[in-house]
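None of the figures in this text is laboratory data; all of them are computed from the coordinates on show. This is a predicted model, so every value here is computed, not measured. With ideal geometry, Cβ positions are generated from the backbone for all residues, glycine too; neighbour counts draw on all protein chains shown.
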Amino acid sequence: MHSVIVLALVFPALGALVAAWLGPRLSHRQITWIGVGAVALSFLVAVAAFVRLASLPPAHRLIQDTLFIWNRAGATPIHFSLLVDPISILFMLVITGVGALIHLYSAGYMDDDEGFGRFFWQMNLFIVAMLLLVMAGNFFFLLVGWAGVGLASYFLIGFWYTRPTAVAAAKKAFVVNVVGDVALTLAIFLLFVNLGHVSYQTVFRQFAILPIATRDLVAALLFVAAAAKSAQFPLHIWLPDAMEGPTPVSALIHAATMVTAGVYLVARAFPIFGLAPGVATTIAWIGGFTALFAATIAIAQDDIKRVLAYSTVSQLGYMFMAVGTAAYAAGVFHFLTHAFFKALLFLAAGSVIHALSGEQDMWKMGGLRRAIPLTAATFLVGTLAISGIPPFAGFFSKDEILGGLLSGGQVGLWAIGTVAAGLTAFYMFRLYFVVFGGSARTKSHAHESPAVMTVPLVVLAVLSTVGGFLVLPGGYNLIESWLLPALSRFGPIPPLPPPTNWGAMAVALVVALAGVGSAWALYGRKAPAVEPLHGPVYRFLKGKWYIDELGDWLIVRPVLWLGSVLERFDRKALDSGFNQIGHLVAGWGESLRPTQSGYVRRYALSFAVGVMLVVAFLSLRP
Amino acid sequence: MLVLLPLILLTLGALAPLFLGRQARAIRLVSLVFSALALVAAVVGIAQAPQQVNLPWLPALGLSLSLQLDGLSMFLVALTALATLAVVAFSDETERPAGYYSLILLMAATAVGTFLSTNLLVFYVFWELMIIPGYLLIGTYGQGPDSRRAALKFLVYSLVPSAFLLVAIVTLAVAAAPAIGHLSFNLDQLLAVHLPAATQNWIFLLFAASFMVKVPIWPLHAWMPDAYGESRPQVAAMLSGVLSKTGLYALIRFAFPLLPEAARLFAPALAVIALISILYGAWIALTHRDGRMVIAYSSLSHLGLVFLGVVALNALGLDGAVLQMLNHGIYAVALFLLFGMVEEAAGTRLLAKLGGVAGRAALFAGFLWITVLAALGLPGLNGFAGEFLLLLGIFRTSQVWAWIAIAAVIFSAAYFIRLFQLTAQGATEVELIRPLRLSPIRFAVLVPFVVLMVYIGFAPAQVTSRVQPVAQSIARLEARAALTQPVGNYSWEASRQ
């Protein structure tokens, strides 16, 4: 078994290499086989690892494999090692399983694109990096995967690289993600310098010996990394723009997997957050704020993918509320159901966009439930699931989070989460009614997508329907019992989830139904031709709280301004300034050497002045 | 004698064109062959190192031809040969080809000489000789309208510090002579002598200033924009890839180990200068309109980080510094050469006028892309491995330095992505005067660059394990200095672990 888990990485890596190298000479069909096959094989490896883990006694569910020494930092070797345990295996199954479905779907969605081969190798590359992220056995290779998914995401956001908007969005995503990478790097440095090691096991075992300030700093840095990757306020700014990428990319990377890496990190490093309660609480509150904030923006967006993007940001906020309050199982559960229904929603949205030849403005759609019934039905399933209507998956996982918050005494967070749930039901049904209800707003010849696209939709719709049954109200909790042994391996055992909070569940259901009802009243019953909402609040929400503008004015512009100032300074002041001083000093020499070239003397003197400044500075050392 | 082989081959290669008159193709071929042979010799040297050669020359003056190939020098010698090979392969027809290729190989030979010498006077001779090809390549073979002025500036910025350097070297040897028993310029003997602090301090200042000019480090970089901008991209590649390393190398080999107390004393101040270099270069690279200048200022920033790693005065930082010198050489040479091809094909290097190259030349764009990724420190490629080790070493000495320096990583990502996007992607498609096609030779030369970017990224231990003994011995010297001289100015750093 030990050598087998690495195959999960090897298959997609080979797929990426072959598709990249031979891509131009292969047919679309061949590339599909390679691309989808590689991920499917990787999924089989994950399933085998899962079976293997399940067959082990709960306390020993751990597969570890050390492959080679990457480098020695002083005396400490940094190993390339893999670790598969109950936490990472769930992520692996989703990455490869949902990943394979999305790859399959892409074979239809991208069939007309001349970059077909490039698309598949970059998608496979993403799978490799994402698997490395969750399978890494130490913080260092976590970082490698962490940056790798950022790169793949960059590639795929900017897939249509002749579009200026796509290029700009890709760059924005990359830079914001690098902020997270840097935070993670600093956290690793702190761990390394203080504990002499970066492997999970050693770090978690010894973390308690660190002083409180260091613990908080490590936890805070890890959270900044998580927030950048998982689009938490205010580092969420890149995710909505990332919708410039092809829709399957949005489904896989910017909904189901990569953006949940932050949730994975917090769940993985829970012994660290358990020992930094202040940071954990902050995480929960930022998660809560993000959940509500993004939901309010989603209400006022017109682009079908942007609505889904903000809903992703919002749902990630729920996961952070859970993991921030040590409800790791609930957070991971919501990751799981969200992966199903959000991938479904994006792929169904992609099917709509595909049917309408690229149209993304929902106010140019309408009546599509008749033209593309299968897409409409699956989208409805996804909408019901995310809105928290039983028996669909989102109901159970969201309730697990909200009920836990209320029972745990986090009334404020619970209230925020519940309001956001109502908003979620509202904006999702607004989207459904406008796109699929009423009648067509513009002429189109919408056609249902081919089977290669609809089959993944149906599979995901089924999963979004039954996925919630892993945890049922009343104490039946497969996720919890699966994760608990892994969670209790290091240090303190996280608190058991409280028994089902029926009150919270009832309130959540009523609020969700109220959201659906208001969406029906506004958009379903009359099927308006244009957005009926208006006013300053609406404009504020449509403007996304103007966070982008704020960031532009506060950060981007000053940075660029200073850059150009320095450039001018470097070209003029520093150079000629030194020369000027040289001139003054050189004045006396003018009469002595009238024939000599002025340049040499000036440079010599300007240089001497420079050296003198340096020497003077060094002598005035701090 | 294997130590001498790359030096001999490059020198022969520098002489050979002079016998071939105007046969441009033959000259280029001969230069290619000699630099390839030098590369082979250097790679064999890595396998055979450490090695030493000691030939007495003028014993009365303490002069001997002492050459040493160890963890510190072997990768830089190989880098020089590789860079030379690439620069020759990427050079086009030129007027007076004999002179051009001869000077390129001469520059390489003198750089190898500085990397190998462990006698300070011999080192100084190579160091001085290196200025000649630099001056002529920038001036007579320059490209820009102001190339002569730029060359003159380079000359002055080289000669003035050289004068200081000579004074410092002689003073050092004279001061150490009583302890050794005779005048000696040999590093081994000088290392054993402990000089009084006051003497150390001002010798160190002269050393540091002269070496920092070559890197360059802010604010001694004023020659750099002109020299990199007015010369051909191939020469800029040589200056940034190889010449800059001689300055850093000399700091690590001579200045810090010979004058450890002074190094410790000045380290915090030098760190401030390094941090300014890092941020200053990064900031300018972020907005510069000229693509080649983006690469030039990125070098100022990245080499500032290497310098900071040296100043951190611990084995990790030194180890990372040597690794990153090699890495920077690899990606900077590739960047200058690849972007140079774009410049020549498009007839401009203003980023606003470029764009869309990826659609025209996918293979070329692929090479440019992986080089950019290596340069911006993507994990899995070589730049990251060096950066990680460097920052870890810096972090160990001062968390504050590391926090500031790491900002450069974010800048790096931003300006390199910008450089790539504005060159290769986007809606504007540049008018190409000539096609961007990689000839088989250029392709063959680029392959080892890419292989090294990936290989070192995955197995940096191959480099660092060879550097470590040297890094540790230097770090030990610095640590001993810390014991003999409890310096007050380090107390502000109580937070370090």
Practice problem: Sort out for me the Cα centre separation of the stretch B:1-26 from the stretch B:306-371, rounded to whole Å. | Solution: 28 Å
Quiz prompt | Relative exposure of A:ASP216, A:ASP399, A:ASP113, A:ASP361, judged by other C-beta atoms within 10 Å (fewest first) | solution = A:ASP361, A:ASP113, A:ASP216, A:ASP399
Practice problem: Among A:GLY15, A:ALA75, A:VAL39, flag the residue with its Cα farthest along the positive direction of the charge dipole of the stretch A:1-127, charges on Cβ as +1 for Lys/Arg and -1 for Asp/Glu. | Solution: A:ALA75
Quiz item: Roughly what would the spin-label model give for A:LEU67 and A:THR281, points 7 Å off Cα along C-beta, in nm?
Solution: 4.3 nm
Quiz item: How well do other chains shield peptide A:565-572, expressed as the mean number of their Cβ atoms within 10 Å of each residue Cβ?
Solution: 6
Exercise. Please state the charge dipole magnitude for the stretch B:16-134, taken about the Cα centre, from unit charges on C-beta atoms (+1 on K and R, -1 on D and E), reported in debye and rounded to the nearest 20.
Key: 220 debye
Practice problem: Count the net charge of all other residues whose Cβ sits under 13 Å from the Cβ of A:ALA251, scoring Lys and Arg as +1 and Asp and Glu as -1. | Solution: +2
Quiz item: With each label point set 7 Å from Cα along the Cα-Cβ vector, what nm distance links B:ARG476 and B:GLU93?
Solution: 5.9 nm
Self-check item: Three-way shape label, the stretch B:224-293, alpha-carbon gyration tensor, a/c 1.5
Solution: oblate
Quiz item: In whole Å and largest first, what semi-axes does the C-alpha gyration tensor of the stretch A:281-394 yield when each eigenvalue is scaled by 5 and square-rooted?
Solution: 28, 16, 10
Exercise. If a/c stays under 1.5 just call it rounded; otherwise compare a/b with b/c (prolate if a/b is bigger, oblate if not). Do that for chain A, with a ≥ b ≥ c from the square roots of the Cα gyration tensor eigenvalues.
Key: prolate
Practice problem: Report the calculated FRET efficiency for B:THR171 and B:ARG22 (r = Cβ-Cβ distance, R0 = 45 Å), to the nearest 0.05. | Solution: 0.40
Quiz prompt | Cβ crowding within 10 Å averaged over residues, with B:38-45, B:66-73, B:300-307, A:205-212 ranked highest first | solution = B:300-307, B:66-73, B:38-45, A:205-212
Quiz item: Rounded, prolate or oblate: which fits the protein assembly as shown when a ≥ b ≥ c are the square roots of the eigenvalues of the alpha-carbon gyration tensor, with rounded for a/c under 1.5 and prolate only if a/b beats b/c?
Solution: prolate
Quiz item: In which sequence would A:LEU431, B:LEU195, B:LEU308 go, from the one with the fewest C-beta neighbours within 10 Å to the one with the most?
Solution: B:LEU195, A:LEU431, B:LEU308
Practice problem: Please find the FRET efficiency linking A:LEU560 to B:VAL451, where r is the Cβ-Cβ separation and R0 is fixed at 25 Å, and quote it to the nearest 0.05. | Solution: 0.10
Quiz item: Ratio of the stretch B:1-152's C-alpha Rg to 2.2 N^0.38 Å, to two decimals?
Solution: 1.07
Exercise. With runs of 4+ DSSP H residues as the only contributors, calculate the mean residue ellipticity of the protein assembly as shown at 222 nm using -39,500 (n - 2.57) per run, divided by the residue total and rounded to the nearest 500.
Key: -23000 deg cm²/dmol
Quiz item: Which FRET efficiency value, to the nearest 0.05, is calculated for A:TRP502 and A:ALA377 with the Förster distance at 25 angstrom and r the Cβ-Cβ distance?
Solution: 0.20
Practice problem: Report, in cubic angstrom per residue, the convex hull volume of the C-alpha atoms of chain B. | Solution: 124 Å³
Quiz item: Between A:GLN206 and A:LEU550, what length in nm is gained on full extension when 0.36 nm per residue of separation is reduced by their alpha carbon distance?
Solution: 119.7 nm
Exercise. List the lysines whose Cα lies under 22 Å from the Cα of A:LYS364, skipping any in the same chain that are fewer than 8 positions away.
Key: A:LYS305, A:LYS443, A:LYS526, A:LYS542, A:LYS544
Self-check item: the stretch B:90-183: C-alpha pair distances exceeding 19 Å, %
Solution: 52 percent
